[in-house]
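*Asks:* Below is a structure I'd like to ask you about.
The values are calculated or read from the model by the stated rules, or taken from the named source; none is laboratory data. Keep in mind it's a predicted model, so treat the numbers as computed, not measured. We place every Cβ from the backbone using ideal geometry, glycine too, and count neighbours over all the protein chains shown. Note: accessible area is taken over every heavy atom of the protein model, side chains too, but ligands, DNA and RNA are not part of it. Shrake-Rupley method; radii C 1.70, N 1.55, O 1.52, S 1.80 Å.
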Amino acid sequence: VGINLLDCIIQLTPFTRQSYTMEVESTNSSGDFGLGGNISYQNRNIFGSAEIFDLKLKGGFETLREDDRSIFRNTYEYGVEGNLRIPKFLLPFRSVDFIKRYNPHTSLTIAYNFQRRPDYTRTIANLSFGYHWQVAPHVTHTIKPIEFNAVHIPFATPAFLDLIRGTLLEHSYQNHMIAETNYSFVFNNQDIRREQDFVFFRWNFEFAGNTLAAFNNITNGRRENDSYLLFGTEFAQFFRSDVDLRYYQYFNNGNSLVYRFFAGAGVPYGNSQAMPLIKRYFSGGANSIRAWHVRSLGPGSFYDETDLTILNRTGDLKLEANLEYRFNLFWVLEGALFLDAGNIWAIDKRDERAGAVFDFGKFYQDIAIGTGFGTRFDFTFFIFRVDVGLKLRDPKLMPGNRWIPWNRNLDLGRDMVVNIGIGYPF
């Protein structure tokens, strides 16, 4: 019996072991100019066993114009983040069969962020440990059994403290620690080799403080203002979950329609009277409702002229829907027409902000709607994006006057926002 043999040559092209990247993002929102960016370093084989190490340095600033006067107060932010990805589970699954079937990896992250705003200064230190694995061609799971955040506010102006004193928001601006567990499920059936319809779905949930609260209950731990303390600092206790659903529909080469829906909610309980600030939702900006600049929309119909320079409008609940038509123009230039709608709300009826609390019977009256157009320069290795958003419906206006084009002429100074970014918004 003859044996058929095949002589072949297998040619492999190795990845670049070390690389550097730079990203820049800019915003211009009603005259408030912002510029940010980051520099990243990556090593794909740092310890000789295909471990991937990423180091990112990031920073940015925004000029905040006070009222309509030529007085500018700057906001600065900078940080560093290091991540090590190990191509196996450190614990407890180490079998070769598991690695072949599920492509698991372990991720270790440490980060530090510094923010200086006109009204307060805040630092956030983060440490996390988690697993990622793929159970099917389009399904992945990520779980972080341990994620730790330490939030410290070393400075706040007396005027700012007076503004939030006695409100639920005051609890979000206290020093606190977050010890949480979180999980993410992702379904994505995109085929990057061809343009065809696909679905992206992500579900996240996280809970924090339960183990610490149970331990303190058993041991009668130290309490201050009806809250348990960890290393002399209050720890947060909450549950939060959100979903992000997208459908990408391709008509022909270069023409597509993207539908997106997002919904999320966070509920504080036990050791917390309010959600931590870094876990609260905000709306507006380059990847949200683009006719509003970031953190300037909501919650609900809430509006307070004295709050304009704080730019910290956050909520416990977020609903958002987006529709975007994308098309090719010429060369590397692409165009887009979009329609965005949504808002954020508070869920605690003790919230003092008028119109901020979610009411199932009339929440639709608080929906903000914006439209606009965008241009994208597709340079293959990155996409440079400019989106111009126009307000159509503003919930902060009096009922009956919220549809702007039907009640007054558009004021480009108030009703138009320019967002500059890298990559698609979603």
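*Asks:* For residues in region 330-359 being under 16 Å from F282 (Cα atoms) and of a type in the set (V, I, T), which is least open to solvent (accessible area, probe 1.4 Å)?
*Replies:* I344
*Asks:* May I ask you to verify whether R280 is among the basic types (K, R) and in contact with a Ser or Thr (Cβ under 6 Å, 6 or more places away or on another chain)? Full working, then the answer.
*Replies:* Working: among the basic types (K, R): yes; in contact with a Ser or Thr (Cβ under 6 Å, 6 or more places away or on another chain): yes.
Judged against the criteria, R280 is a match.
*Asks:* Restricting attention to region 371-425, which residues are within 24 Å of the chain's Cα centre (by Cα) and more than 22 Å from E320 (Cβ to Cβ)?
*Replies:* T375, F377, D378, F381, F382, F384
*Asks:* Take region 43-62 and flag every residue that is among the aliphatic types (A, V, I, L, M) and under 12 Å from G82 (Cβ atoms).
*Replies:* So in region 43-62, the residues among the aliphatic types (A, V, I, L, M) come out as 46, 50, 52, 55, 57.
Matches in region 43-62: I46, I52, L55, L57.
*Asks:* Of the conditions (1) over 29 Å from G37 (Cα atoms); (2) touching a strand residue (DSSP E or B) at 6+ places or on another chain (Cβ under 9 Å), L169 satisfies every one except a single condition; which number is it?
*Replies:* (2)
*Asks:* Still on this model: Is one or more of the residues making up region 352-375 part of a strand (DSSP E or B), on the phi > 0 side of the Ramachandran plot and not β-branched (V, I, T)? If you could, list the steps in order and put the result at the bottom.
*Replies:* First, pick out the residues of region 352-375 that are part of a strand (DSSP E or B): 357, 368-375.
Within this subset, residues satisfying the condition of being on the phi > 0 side of the Ramachandran plot are 372.
Among the residues that remain, those that are also not β-branched (V, I, T) are: 372.
Yes: one or more hits.
*Asks:* Inspect region 330-350 for any residue being modelled with pLDDT under 90 and either under 25 Å from the mean Cα position of the chain (by Cα) or in a strand (DSSP E or B) (or both) and give the result as yes or no. Don't jump to the end; show me each part of the working.
*Replies:* From region 330-350, those modelled with pLDDT under 90 are 330-332, 348-350; that's our starting set.
From what's left, either under 25 Å from the mean Cα position of the chain (by Cα) or in a strand (DSSP E or B) (or both): 330, 348.
Yes - at least one qualifying residue is present in region 330-350.
*Asks:* Looking at R393, R385, can you tell me which residue is over 30 Å from G254 (Cα atoms) and either of a type outside the set (S, T, Y) or touching a strand residue (DSSP E or B) at 6+ places or on another chain (Cβ under 7 Å) (or both)? Break it down stepwise before answering.
*Replies:* On the way: R385 fails: over 30 Å from G254 (Cα atoms).
Within the list R393, R385, the selection yields R393.
*Asks:* If only one of S283, S241 is part of a loop (DSSP other than H, G, I, E, B) and either within 27 Å of the chain's Cα centre (by Cα) or at pLDDT 85 or above (or both), which one is it? Walk me through it before giving the result.
*Replies:* On the way: S241 fails: part of a loop (DSSP other than H, G, I, E, B).
Result: S283 is the single residue among S283, S241 that is part of a loop (DSSP other than H, G, I, E, B) and either within 27 Å of the chain's Cα centre (by Cα) or at pLDDT 85 or above (or both).
*Asks:* Another question, if that's okay. Give region 389-426 a look and list any residue that's of a type in the set (G, A, S) and touching a residue at least 40 places away in the same chain (Cβ under 8 Å), or say none.
*Replies:* Step one: list which residues in region 389-426 are of a type in the set (G, A, S), which gives 389, 400, 413, 421, 423.
The answer is G389, G413, G421, G423.
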